[in-house]
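Engineer: Before anything else, here's the structure in question.
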Amino acid sequence: MKSFACLLVVSALIACTVALITDEQREAARQLAGRCIQQTGASEEEVNRLRSGDTSDADRSTRCFVQCFFQGAGFVDSDGNVQADELTEKLAGEYGQEKAEEMVSRCRNNAGPDACERSFRLLQCYMENRATLMY
């Protein structure tokens, strides 16, 4: 949970760089998470479950929180489609270009009926595959 993308996941959902994040980045993630909680009506309890890696039984507002947060972080567009270049760049800073490209390739097909579901599926894919980034 030391990386920027991991802080985003941990701080609100997902994070990216293993290097310690700056206080500025941490504060920006915290503010974004707060705005997204207000905007979507997601409960802090549900967001904390996501922070701990538990994506099971997430309700609609929690899934939309992920969309809001990922869009604010530049990981997805307003339709929940993966912004491959941005996500690869953030992951590459942590794991190297090859592993970042592999992860984005695995998770970019986050098909779903709407932006909230597509973003949530991206989060689930990342959580399911993040161990492969380490090795």
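The values are calculated or read from the model by the stated rules, or taken from the named source; none is laboratory data. Note that this is a predicted model, so its numbers are computed, not measured. Virtual Cβ from ideal backbone geometry, glycine too; neighbours counted across all protein chains shown. When the accessible area is computed, the model is the full protein with side chains, heavy atoms only, and any ligands, DNA or RNA have been set aside. Shrake-Rupley method; radii C 1.70, N 1.55, O 1.52, S 1.80 Å.
Engineer: Taking the range 54-135, which GluC sites (Glu not before Pro) meet the DSSP loop condition and have no more than 12 other C-beta atoms within 10 Å?
Structural biologist: Details: sites: 86, 89, 94, 98, 101, 102, 117, 128; in loops: none.
Those that pass, being in a loop and sparsely packed, number zero.
Engineer: Can you work out the accessible area per residue across the range 23-129, with the rest of the protein chains kept in place, probe 1.4 Å, in square angstrom?
Structural biologist: Per residue, the range 23-129 has 52 Å² of solvent-accessible surface.
Engineer: Using a/c under 1.5 as the rounded threshold, could you call the range 15-122 rounded, prolate or oblate? The axes a ≥ b ≥ c are square roots of the C-alpha gyration tensor eigenvalues, and prolate needs a/b larger than b/c, oblate otherwise. Display every interim value, and only then the final one.
Structural biologist: On the way: a/c = 1.79, a/b = 1.22, b/c = 1.47.
Judged from the Cα gyration tensor, the range 15-122 comes out oblate (a/c at least 1.5, b/c at or above a/b).
Engineer: List the chymotrypsin sites (Phe, Trp or Tyr not before Pro) within the range 40-70 that DSSP assigns to loop and that have no more than 12 neighbouring Cβ atoms inside 10 Å. Walk me through the numbers on the way to the answer.
Structural biologist: Numbers: sites: 65, 69, 70; in loops: none.
Passing sites in the range 40-70 do not exist.
Engineer: Ignoring ligands, DNA and RNA, what percent of the accessible area of the range 23-129 is carbon or sulfur (1.4 Å)?
Structural biologist: Taking all protein chains in place, the range 23-129 shows 39 percent carbon and sulfur surface.
Engineer: Oh, and also: Determine the order of 49, 108 by accessible area, beginning with the largest, at a probe radius of 1.4 Å.
Structural biologist: 108, 49
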